[in-house]
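Just below is one structure, and these are the notes that go with it.
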Amino acid sequence: MAEQKAHTDGAPAPTGVAQQRQQQERKLNERMGQIERTVAVLSGKGGVGKSTVAVNLAVTLAARGLRVGLLDADIHGPSVPKLLQLERSQVLSDGENIVPAVYGANLKVMSIAFLIQDKNEAVIWRGPLKMKVLRQFLSDVNWGELDYLVVDLPPGTGDEPLSVAQLIPNVTGAVVVTTPQELSIADVRRCITFCHKLEMPVLGVVENMSGFICPHCGKAVDIFGAGGGRRMAEDMDVPFLGAIPIDPEVVRASDGGEPFVASRPDGPAATAFRKTVDRLIEQIET
Ligand code: ADP
């Protein structure tokens, strides 16, 4: 009856559900205590390359010999397994611990998609049930010791990304992904305000799909414009981490389940991406 004794300090004893939640939170905090830095990847809306950035960031860090985890918390449309060709991965669970899938030598990967039989199921879960499943899931994943955990959050600034972000303790900071158009920039401003509300430091902004380098003449063509992300970052007083050009290799590699930083490391997107990661690490270290 040790549990009952623990609640003789005047506070009402928690009910079964509250007790379960407390236990999950304790477990989650213990597990996250083994993780040195947690980087959340956000975007003001879908389709700007958030998951592509999250996956390639995790792979780049792992390629530098760091112990890395990648958590696909985009319950709305979990795409990490497809991007890393891990769709057939079976995650092992003994009821208390879920063992993440492994990509390469030192990247552990966990996605809510691993737990769903039917791909469309997550979409129809109602809000509270989604959060309950996610809370349980987060507290059960056994990452072990990590240097970095990269978290792919749901897009936007609505209730869903808010609830998910609140479930993850000790976030070091957020990387905000945008495209250069004014419309995306307006969304990303909301995203930065969202981070401030959550008291999550903004590590920086990445402008993705920023111009197209013609493979024939090497000239840059600004299809969606360029520089909007940098201007917005300056305006909002947050660091600008880098601009990643549109590169057909990104689509080809992603569709084939391969990170573009590995499939064509000397390509324009991969080269720009490495510099962006360098700036991100600089931000974290300082
Ligand atoms: P989000 O997670 O924001 O919804 P995704 O990462 O799924 O976006 O990317 C959306 C699509 O854009 C994918 O088909 C992806 O391959 C493509 N994409 C992302 N970044 C680039 C880029 N720099 N160049 C070309 N295509 C890109």
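The values are calculated or read from the model by the stated rules, or taken from the named source; none is laboratory data. This structure is a prediction, so every number in the text was calculated from the model and none was measured. Surface accessibility is based on the protein's heavy atoms, side chains included, excluding ligands, DNA and RNA. Shrake-Rupley method; radii C 1.70, N 1.55, O 1.52, S 1.80 Å.
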Expressed in angstrom and rounded, the centroid-to-centroid distance over alpha carbons for region 124-165 and region 31-97 is 11
Convex hull around the C-alpha positions of the chain: the volume in Å³ per residue is 144
Note on the chain: helices (DSSP H) long enough, at least 15 Å by alpha carbon along their axis, and hydrophobic enough, mean Kyte-Doolittle at least 1.0, are 50-63
Ranking Glu25, Glu207 from most to least accessible area with a 1.4 Å probe gives Glu25, Glu207
To the nearest Å², the heavy-atom accessible area per residue of region 30-285 with 1.4 Å probe amounts to 45
Residues meeting the amide H criterion for Gly69 (H placed from the backbone, H to H distance under 5 Å, 5 or more places apart or on another chain) are Lys108, Tyr148, Leu149, Val150
